[in-house]
Amino acid sequence: MLGPLQVRGKDGPLRVPPGRQEVILAALLLEANRVVGTNYLVDLIWEDNPPETARTQVQICVSRLRKLLAGADSTVSISTRPPGYVLHVDTGDVDSLLFTGLVAMARRQRDEGETEKAVALLKSAVALWQGDSLTGLVSGPLANKAHQLDEERLSAVELRMQLELELGRHDRLVGELQLLTHENPLRERLRGQLMCALYWSGRQAEALEAFRTGRRILDQELG
């Protein structure tokens, strides 16, 4: 789930046909075990210009998804529940829910002073990711959901970096933070963490250069 859309069946990942079926399955997974209205699914697929047969086409897609899941001996199933559908799945099998739960546990451990345990939980949470969320899906509203998930991932990464800096692991974090700031040049918190890691590692000149680079990028991108 965290990365390109993927559902695991008994014999490996299921191949969900791209297009409408993929959009519907993604929407149901994001609201696992909760009712997703048919009107909402119509809006995801056609946005402001649905055809008269839109609801019927959604029903057909859901029927095909049911057959796909059943044929692959998947533990995931879809039921009809007015005003739409519910995807039934063990919450422990949905990566996005696992991620959210691990991050919440990590924050509790941090608040209780268990920094090492918090770092381990955050590493496990971020390890669930396999790329940007829901890549390849054509749906504006789902793109917003995917962006929110990606933002939560970066926030978890930033929290782990902060905790590891507090544990005095400055030297070992420099390389990872340099890569992260390169991939996310406008994330000021990451750049600040890189500057701290460099400074506390005795690399003051490089810390100053990281600051100058960040200021230049912000000036170019945001004025």
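The values are calculated or read from the model by the stated rules, or taken from the named source; none is laboratory data. Quick caveat, the model's predicted, so the values are computed rather than measured. Note that we place each Cβ from the backbone using ideal geometry, even for glycine, and neighbour counts take in every protein chain shown.
For residues in segment 184-205 being in a loop (DSSP other than H, G, I, E, B) and among the basic types (Lys, Arg), which is nearest to Leu154 (Cα to Cα)?
Here the residue is Arg187.
Identify, from the list Ser74, Ser96, the residue that is touching a residue at least 60 places away in the same chain (Cβ under 8 Å), in the same structural domain as Thr38 (by TED's automatic domain parsing) and in contact with a Leu (Cβ under 7 Å, 6 or more places away or on another chain).
Ser74
Say we look at segment 66-76 and pick out the residues that are within 14 Å of Leu29 (Cβ to Cβ) and in contact with an Asp or Glu (Cβ under 9 Å, 6 or more places away or on another chain); which of these is surrounded by the fewest Cβ atoms within 10 Å (Cβ to Cβ)?
Going through the qualifying residues, I end up with Thr75.
Within segment 78-86, is even one residue hydrophobic (A, V, I, L, M, F, W, C) and touching a residue at least 40 places away in the same chain (Cβ under 8 Å)?
Checked segment 78-86: at least one residue is hydrophobic (A, V, I, L, M, F, W, C) and touching a residue at least 40 places away in the same chain (Cβ under 8 Å).
Which numbered condition in (1) without any contact (Cβ under 8 Å) to a residue 12 or more places away in the chain; (2) surrounded by 16 or more Cβ atoms within 10 Å (Cβ to Cβ); (3) of a type outside the set (Lys, Arg); (4) at positive phi is the only one that Gly223 fails?
Failing condition for Gly223: (2).
Hey, any hits in segment 171-183 for a residue that's farther than 30 Å from Ala26 by Cα, free of Cβ contacts under 8 Å to residues at least 60 places away in the same chain, assigned to a loop (DSSP other than H, G, I, E, B) and of a type in the set (D, E, K, R)?
Within segment 171-183, none of the residues are farther than 30 Å from Ala26 by Cα, free of Cβ contacts under 8 Å to residues at least 60 places away in the same chain, assigned to a loop (DSSP other than H, G, I, E, B) and of a type in the set (D, E, K, R).
Residues that are surrounded by fewer than 20 Cβ atoms within 10 Å (Cβ to Cβ) and part of a helix (DSSP H, G or I): does segment 130-139 have at least one?
no
If only one of Leu208, Leu218, Leu142 is within 25 Å of the chain's Cα centre (by Cα) and either in contact (Cβ under 8 Å) with a residue 60 or more places away in the chain or part of a helix (DSSP H, G or I) (or both), which one is it?
Testing whether each residue is within 25 Å of the chain's Cα centre (by Cα) and either in contact (Cβ under 8 Å) with a residue 60 or more places away in the chain or part of a helix (DSSP H, G or I) (or both) leaves just Leu142.
How many residues does segment 52-65 hold that are within 17 Å of Glu22 (Cβ to Cβ), free of Cβ contacts under 8 Å to residues at least 40 places away in the same chain and surrounded by fewer than 16 Cβ atoms within 10 Å (Cβ to Cβ)?
Within segment 52-65, residues that are within 17 Å of Glu22 (Cβ to Cβ), free of Cβ contacts under 8 Å to residues at least 40 places away in the same chain and surrounded by fewer than 16 Cβ atoms within 10 Å (Cβ to Cβ) number 3.
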